[in-house]
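The values are calculated or read from the model by the stated rules, or taken from the named source; none is laboratory data. None of the values given here were measured: they were computed from a predicted structure. Positions of Cβ are generated from backbone atoms using ideal geometry, with glycine treated the same way; all protein chains shown enter the neighbour counts.
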Amino acid sequence: MTSPNTQSAATRKPVLGIGMVGYAFMGAVHSQGWRTAGRAFDLPLEPQLTAVCGRNEQAARAAADRLGWASAETDWRELIARDDIHLVDICTPGDSHAEIAVAALDAGKHVLCEKPLANTVAEAEAMVAAAARNPGRIAMVGFNYRRTPAISLAQALIGAGRLGTLRHIRLTYLQDWLVDPDFPLTWRLRRETAGSGALGDLGSHIVDLAQFLTGEQVIGVTGQTETFVPERPLTPGLGGDRGQVTVDDAALFTGRFPSGALASFEASRFAHGRKNALRFEVNGERGSLAFDLERLNELHFFDGSAPAPEAGFRRILVTEPEHPYLAGWWPPGHGLGYEHTFVHQARDLVHAIADGTQPSPSFADGLQVQRVLAAVEESASKDSTYTPVFTTD
Ligand code: SOE
């Protein structure tokens, strides 16, 4: 057993033992992040993939072998009890986030929790309270896209005032994996496991980004949600029983910031041809910025002070060592991808743990996003926020 002070034989750095709960898609990219962070960046602690946890022993062991974890557990409570685990990384569906995170923090572990922070505002509040009563522990929510170099650069440019006072931010996050009405009823399509649908899964990312980019919190919303396919097969393949989809397939909403800036958001799993299309445009009094995750090494900047004949959106290739995170990677001009955002997340979290500083996005940031999502659902459920258009029929 390693204790928190154990040094790595290879690097002579103190070891940070990671215990990850869940090993599906998010578990795989988090594993990649933990495996790579200490190789790409000079970290103060050495992250070690100590144990992965899943209910099925055989599957958990297979995941450990496949993803590079030293051991497997089948009960997250036992994982948390191990003294060679210093950080618990939660990659499970939303219905177990609060219980695991609160127990881990109270057991003295640092926590990284996948987004959205929880399924309800009450659960997210309990998680923030657990973080607050364990101030020596670090708690972070995994809004990984903040750590896309071009998005990080956009935030820095806005923060430095390059756009002046902000007027608009419009964000869309579009995917198409539900267009087939026979796609099965997975946990993501049930409220009791996922909390909400496209709203929480995709909408949470763009709400977080809107708040990260502007440095402001959304203070009011109006929203609409829709479930286009209300029943889906219980098991993959055609035929058989169908069960009810109890979450939204798409969510559209507007938001306001204290500064007066207006925001619009669209999240959908029904946008045929859009695979992982997270896009935003920010318009300020002095210029604009535009980003598309499907071209994630580029940021487009319109500088309103340029002379009229040469004004236009300029493409910044965010691949240079002067750009956020890039100094740790390849020679200039060689781009990065989706998985690097998780490496950067791991890197920043390790620094926060070593420095004893709360990282961003914190659990409090995750709670704020949860409050916005809840307000959108409330707005969407009220007829009073929906004004029918006048008709002569
Ligand atoms: C949904 O398809 C999903 O996997 C989200 O859950 C992730 O947060 C997003 O990064 C990619 O899309």
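Please go through the range 223-272 and pick out each residue that is out of contact with any strand residue (DSSP E or B) (no Cβ under 9 Å at 6 or more places or on another chain) and at positive phi.
If the condition is that a residue be out of contact with any strand residue (DSSP E or B) (no Cβ under 9 Å at 6 or more places or on another chain) and at positive phi, then 237 is the only one that fits.
Based on what the data block shows, is residue 65 of a type in the set (Asp, Glu), in the same structural domain as residue 125 (by the TED database) and within 21 Å of the chain's Cα centre (by Cα)?
no
Can you pull out the residues in the range 267-280 that are surrounded by 17 or more Cβ atoms within 10 Å (Cβ to Cβ) and part of a loop (DSSP other than H, G, I, E, B)?
If the condition is that a residue be surrounded by 17 or more Cβ atoms within 10 Å (Cβ to Cβ) and part of a loop (DSSP other than H, G, I, E, B), then 269, 270, 271, 274 are the ones that fit.
So which pairs qualify, if the first residue must be in the range 135-154 and surrounded by 24 or more Cβ atoms within 10 Å (Cβ to Cβ) and modelled with pLDDT of 95 or more, the second must be assigned to a strand (DSSP E or B) and not hydrophobic (A, V, I, L, M, F, W, C), the Cβ gap must be under 6 Å, and the two must be at least 6 apart or on different chains?
That search, which allows pairs on different chains as well, returns 138/110; 142/114.
Any residue in the range 267-284 that is of a type in the set (D, E, K, R) sitting within a Cβ distance under 6 Å of a residue that is more than 14 Å from the ligand (Cβ to nearest atom) and at pLDDT 95 or above? List the pairs, counting only those 6 or more apart or interchain.
That search, which allows pairs on different chains as well, returns 279/292; 281/170; 281/290.
Here is a list of conditions, (1) within 16 Å of the ligand (Cβ to nearest atom); (2) in contact with a helix residue (DSSP H, G or I) (Cβ under 6 Å, 6 or more places away or on another chain); (3) more than 22 Å from residue 336 (Cα to Cα), and residue 33 meets all of them except one; can you say which number that is?
For residue 33, the exception is condition (3).
Only one of these is within 13 Å of the ligand (Cβ to nearest atom), at pLDDT 95 or above and in contact with a Phe, Trp or Tyr (Cβ under 7 Å, 6 or more places away or on another chain): 199, 178, 189. Name it.
178 is the lone residue from the list that is within 13 Å of the ligand (Cβ to nearest atom), at pLDDT 95 or above and in contact with a Phe, Trp or Tyr (Cβ under 7 Å, 6 or more places away or on another chain).
Among the residues of the range 255-266, write down those that are in contact (Cβ under 8 Å) with a residue 60 or more places away in the chain and part of a strand (DSSP E or B).
Once the filter is applied, which keeps residues that are in contact (Cβ under 8 Å) with a residue 60 or more places away in the chain and part of a strand (DSSP E or B), the range 255-266 yields 255, 262, 263, 264, 265, 266.
Restricting attention to the range 357-393, and to residues there that are outside any helix (DSSP H, G or I) and under 30 Å from residue 320 (Cα atoms), which single residue is nearest to the chain's Cα centre (by Cα)?
Filtering first and then ranking leaves 361.
Within the bounds of the range 68-86, is there any residue that is of a type in the set (Ser, Thr, Tyr) and surrounded by 20 or more Cβ atoms within 10 Å (Cβ to Cβ)?
No.
Cβ-Cβ distance below 6 Å, separation of 6 or more or different chains: which pairs start in the range 60-75 with a residue that is over 12 Å from residue 32 (Cα atoms) and without any contact (Cβ under 8 Å) to a residue 24 or more places away in the chain and end on one that is of a type in the set (D, E, K, R) and surrounded by 16 or more Cβ atoms within 10 Å (Cβ to Cβ)?
Listed pairs, sorted by first residue: 72/61.
What are the residues in the range 293-316 that are among the aliphatic types (A, V, I, L, M) and surrounded by 12 or more Cβ atoms within 10 Å (Cβ to Cβ), if any?
293, 296, 299, 306, 311, 316
Taking the conditions exactly as written (at pLDDT 95 or above, among the aliphatic types (A, V, I, L, M) and within 16 Å of the ligand (Cβ to nearest atom)), does residue 160 satisfy them or not?
Answer is no for this residue.
Only one of these conditions is not met by residue 7: (1) within 19 Å of residue 352 (Cα to Cα); (2) touching a residue at least 60 places away in the same chain (Cβ under 8 Å). Which number is it?
Exception for residue 7: condition (2).
Can you work out which of the residues in the range 89-108 that are under 15 Å from residue 135 (Cα atoms) and surrounded by fewer than 24 Cβ atoms within 10 Å (Cβ to Cβ) is farthest from the ligand (Cβ to nearest atom)?
108
Could you tell me how many of the residues in the range 317-329 are farther than 16 Å from residue 347 by Cβ and either surrounded by 18 or more Cβ atoms within 10 Å (Cβ to Cβ) or not aliphatic (A, V, I, L, M) (or both)?
Within the range 317-329, residues that are farther than 16 Å from residue 347 by Cβ and either surrounded by 18 or more Cβ atoms within 10 Å (Cβ to Cβ) or not aliphatic (A, V, I, L, M) (or both) number 4.
Can you tell me which of 193, 222, 186 is without any contact (Cβ under 8 Å) to a residue 40 or more places away in the chain, farther than 20 Å from residue 345 by Cα and either surrounded by fewer than 24 Cβ atoms within 10 Å (Cβ to Cβ) or more than 17 Å from the chain's Cα centre (by Cα) (or both)?
Result of the check over 193, 222, 186: 186.
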